[in-house]
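Only one structure is covered here, and it is reproduced in the block below.
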Amino acid sequence: MTIAVYPGSFDPVTNGHLDIATRASRIFDTVIMAVFDKPVSKKPLFNVAERLELLREATIDLPHVQVDSYSILTVEYARQKGAQVILRGMRSQSDFEPEFRMAQINRTIAPDVEIVMLMSDHAYTSFSSSTVRELALLGADISWLVPSHVAVAVERMYGQRA
Ligand code: ADP
């Protein structure tokens, strides 16, 4: 039974995240998309419960994908879940440097947990959750970047703030 933890902010989940989770679920028995509830961070657009709800709906048709949140070291969380793998998505060379450094640190702390990177599909390399938030804030269409229920939730959020 191979379990992969896919950690992230997922604020909000995008089609890029879902592509990585879908492809990983063909390799691993279970993929846990885990929202990292950072103790210190800039104010997120969605709180953790909201991000989990958006993730739950987005992964409803992915039987091998679970969603969860955590607020401890990612390697500790992976161990608690019995996961052998921490999964990350790689969009470009600029993702490489921080991911490589984090992988080295995690490897030192927990040599028993492997870090696995999946390369982003070319359709998803150009954007992140922050791109989605910035475009929506400026009133641009985000329906090509996120599932429809996420687009509705993001637009509602900015509508409330306006
Ligand atoms: P974090 O704050 O940990 O970077 P994110 O939610 O931004 O969390 O991303 C989680 C993971 O998903 C990271 O490994 C990131 O590189 C990857 N990722 C983010 N956006 C995309 C995308 N469009 N395509 C593929 N992978 C992505």
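The values are calculated or read from the model by the stated rules, or taken from the named source; none is laboratory data. Remember, predicted model here, so these are calculated numbers, not experimental data. Using ideal geometry, Cβ is built from the backbone for each residue, glycine included, and neighbour counts are taken over all protein chains shown. For accessibility, only protein heavy atoms count, side chains too; no ligands or nucleic acids. Shrake-Rupley method; radii C 1.70, N 1.55, O 1.52, S 1.80 Å.
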Kirkwood-Stokes translational diffusion coefficient of region 50-132, alpha-carbon pairs, 25 °C, 0.890 mPa s, µm²/s: 168
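With viscosity set to 0.692 mPa s at 37 °C, what whole-number translational diffusion coefficient in µm²/s follows for region 1-73 from Stokes-Einstein and a Kirkwood radius over Cα pairs? Could the numbers behind the result be given before it?
On the way: Rh = 12.4 Å.
Stokes-Einstein gives a translational diffusion coefficient of 265 µm²/s.
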Probe 1.4 Å, protein heavy atoms only - accessible area per residue of region 36-125 in square angstrom: 64
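In region 15-162, what is the volume of the convex hull around the alpha carbon atoms, normalised per residue and reported in Å³?
Details: hull volume 18.0 nm³, N = 148.
Hull volume normalised by residue count: 122 Å³.
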Over the chain, relative contact order from alpha-carbon pairs under 8 Å, at least 6 apart, %: 28
Dipole-positive endmost among Leu137, Val5, Val116 within the chain (Cβ charges, Cα centre): Leu137
Solvent-accessible surface (1.4 angstrom probe) belonging to Glu57, in square angstrom, nearest 10: 100
Sulfur and carbon atoms: percent of accessible area, the chain [1.4 Å]: 54
Between 0 and 90°, nearest 10: helix 15-24 axis offset from the chain longest Cα axis: 30
Gain on full stretching of the segment that runs from Leu73 to Ser94 - 0.36 nm per residue minus C-alpha separation: 5.2 nm
Distribution of pairwise C-alpha distances over region 106-157, 10 Å bins, in %: 21, 35, 21, 19, 4
Helix 148-161 axis, angle to the chain major axis (alpha carbon atoms, nearest 10°): 60
Probe 1.4 Å - accessible area at Ser143, Å² to nearest ten: 70
